[in-house]
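Asks: Let me begin by handing over the structure; questions about it come next.
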Amino acid sequence: MVTRLVEVFDNAFVAGNVPLRAKVATWIPPSIVPAIQRDKFRRLIGYVAKRSPFYRRRFKECGIDVRNVHTPEDLGDFFTTAEDLRNNPVEDFLCGRPELGFETTGTTSTTTKKVYFSRHEVADMGRDGAIGLYNLGLRPSDRVVDAFDYSFWNAPFTLRAALDRLGCFHVTAAKIPPTEFYDRVRDYQFNVLFVEPSWLVVLTEIARVRGVWPVKFIYTGGENMSEATRRFVEAEWATNVYMGYGQTETFGQIGSECPAKRGYHIDDFNLCCEIVDRGDDGYGELVYSTLSREIMPLVRYRSTDITKFLDEPCTCVLKAARRLAKIRGRSDEMVNCGMGNLSPWFFEQLLDDLPEITPDWQVAVVRTGNRDTIEFRLELRDSAPIDQVQQAVTRRVRERIPDSWRNYELKLFEFDFRFTSPGQLRSGRKLRRLVDERVRAWE
Ligand SMILES: [Zn+2]
């Protein structure tokens, strides 16, 4: 009932009026959030049980009677995983006719995850995303440029949906080399930039030499950014850099930073977030259920991202909107960096049949200055020439992973090689193939 009343009020009086929505968001008492979430969650479970072949089947297999499910906890250890999305046809998840499709950019396996939406859903998410951007100071008079990758990725469409509400002037540059971007955008007087962090570092290095222009703020998405890098970029441009956090599975929106830059505000009316497998420090894996999606809703989806809820109230106007801490890492071995979304599988295709090295290898992502470095730790067989191995690996990246090679040419990351003699790398039973050694630098 409460949910219905809120929806009627929302549609009738607030609708597409972004400044009013932003104002209303500050009036919402946090106490009404749990009741609305519970109501929407219950409706979600009934909806997917009726319409999605996947959930109908899985609920039956797990002996779940949806009439008894009122909260996420009522589902016990029932979750939806990335493997579920990979191993089942996307049609099994659909509850309505899709109009837009995206793929996850991950490379944990050769099978991609497909996520579908309707245009109506995208417009709704744009309306809500616009509030976050309005809160950061974006206004219709601002001039926006984005340099997001458009290939199968949703980020540029997420931005577009929000800008449709705000009405800013917008040009799409897409992910072109930063030098070309720098040369071509000067005339436009863009004062708000939407970009990926690694790419932004290269642009900033160019701007440091050739000069910056006045910028209201820079918004980044797609990967994490260390605080040191943020400070570097902010100092060069004399502006604020804000980060957004999302996944393709959520149309790129889970949370957004506010002017306080202390965590991501989440939208509890559209996403029911939980932290599971929580440690003593409160950190655990983020799991979310989509509360408003009609085409491809997800129930307790395991994000694999490690974060926690921030309890202290925020200093910005969105006091009622809960916050998630910056992502600390991933629960699986996947690593997100300038080279792309990396997984052990990613490097197997480069290293496993290289005759000059042993099968024991490790790849580390380390931080060198403001850039990610992919450090190959390889055990060299007797008298194998080092140069030859280095050339073979880089050639394979160029030939086999063109997306990463493109990022390499854009100077978004660097390669480094450390060689040891056979038997040096493995100390225990299992050798961790991929390690992210930048984690401490994010704090
Ligand atoms: Zn805030």
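The values are calculated or read from the model by the stated rules, or taken from the named source; none is laboratory data. Because the structure is predicted, anything quoted here is derived from the model rather than measured. Counting neighbours? That spans all protein chains shown, and the Cβs are built from the backbone with ideal geometry, glycine included.
Asks: Failed condition for Ala82, given (1) at pLDDT below 95; (2) in contact with an Asp or Glu (Cβ under 6 Å, 6 or more places away or on another chain); (3) under 30 Å from Thr112 (Cα atoms), with all others met?
Replies: (2)
Asks: For the range 77-102, what are the residues that are more than 20 Å from Val276 (Cβ to Cβ) and assigned to a loop (DSSP other than H, G, I, E, B)?
Replies: Hits for the range 77-102 are Asn88, Pro89, Leu94, Cys95, Gly96, Arg97, Pro98, Glu99.
Asks: Of everything in the range 243-258, what is closer than 13 Å to Arg322 by Cα and either surrounded by fewer than 23 Cβ atoms within 10 Å (Cβ to Cβ) or away from the ligand (no atom under 14 Å from the Cβ) (or both)? Give them in sequence order.
Replies: Within the range 243-258, Ile254, Cys258 qualify.
Rundown of residues vs (1) among the polar types (S, T, N, Q); (2) buried (at least 16 other Cβ atoms within 10 Å of the Cβ); (3) modelled with pLDDT of 90 or more; (4) more than 21 Å from Thr104 (Cα to Cα), yes/no style:
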site: Arg406; (1), (2), (3), (4): no, no, yes, no
site: Arg418; (1), (2), (3), (4): no, no, yes, yes
site: Gln424; (1), (2), (3), (4): yes, no, no, yes
site: Ser427; (1), (2), (3), (4): yes, no, no, yes
site: Leu431; (1), (2), (3), (4): no, no, no, yes
site: Leu434; (1), (2), (3), (4): no, yes, no, no
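Asks: I'd like the full set of residues that are in contact with a helix residue (DSSP H, G or I) (Cβ under 8 Å, 6 or more places away or on another chain), surrounded by fewer than 17 Cβ atoms within 10 Å (Cβ to Cβ) and farther than 19 Å from Thr290 by Cα, limited to the range 113-150.
Replies: Arg139, Pro140, Arg143, Tyr150
Asks: If you don't mind, there's one more thing I want to ask. Out of Ser421, Ser404, Ser383, report the one residue that is without any contact (Cβ under 8 Å) to a residue 24 or more places away in the chain and among the small types (Gly, Ala, Ser).
Replies: Ser383
Asks: To continue, here is another question. Give the residue, chosen from Glu223, Glu236, Glu227, Glu257, that is touching a Lys or Arg at 6+ places or on another chain (Cβ under 7 Å) and charged (D, E, K, R).
Replies: Only one candidate qualifies: Glu236.
Asks: So, one more: Which strands (runs of 3 or more DSSP E) sit wholly inside the range 259-339 and have at least 3 residues that are at positive phi and either buried (at least 18 other Cβ atoms within 10 Å of the Cβ) or within 16 Å of the ligand (Cβ to nearest atom) (or both)?
Replies: Here the list is empty.
Every residue, every condition in (1) assigned to a helix (DSSP H, G or I); (2) closer than 22 Å to Ser404 by Cβ, yes or no:
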site: Phe190; (1), (2): no, no
site: Val201; (1), (2): yes, yes
site: Thr204; (1), (2): yes, yes
site: Glu223; (1), (2): no, yes
site: Tyr242; (1), (2): no, no
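Asks: Considering each residue of the range 153-188, count those that are touching a helix residue (DSSP H, G or I) at 6+ places or on another chain (Cβ under 6 Å), surrounded by fewer than 21 Cβ atoms within 10 Å (Cβ to Cβ) and in a loop (DSSP other than H, G, I, E, B), and give that number.
Replies: Result for the range 153-188: 1.
Asks: Consider Leu133 against the criteria (1) over 19 Å from the mean Cα position of the chain (by Cα); (2) within 15 Å of Lys23 (Cα to Cα); (3) aliphatic (A, V, I, L, M): it satisfies all of them except one. Which criterion is unmet?
Replies: The single condition Leu133 does not satisfy is (1).
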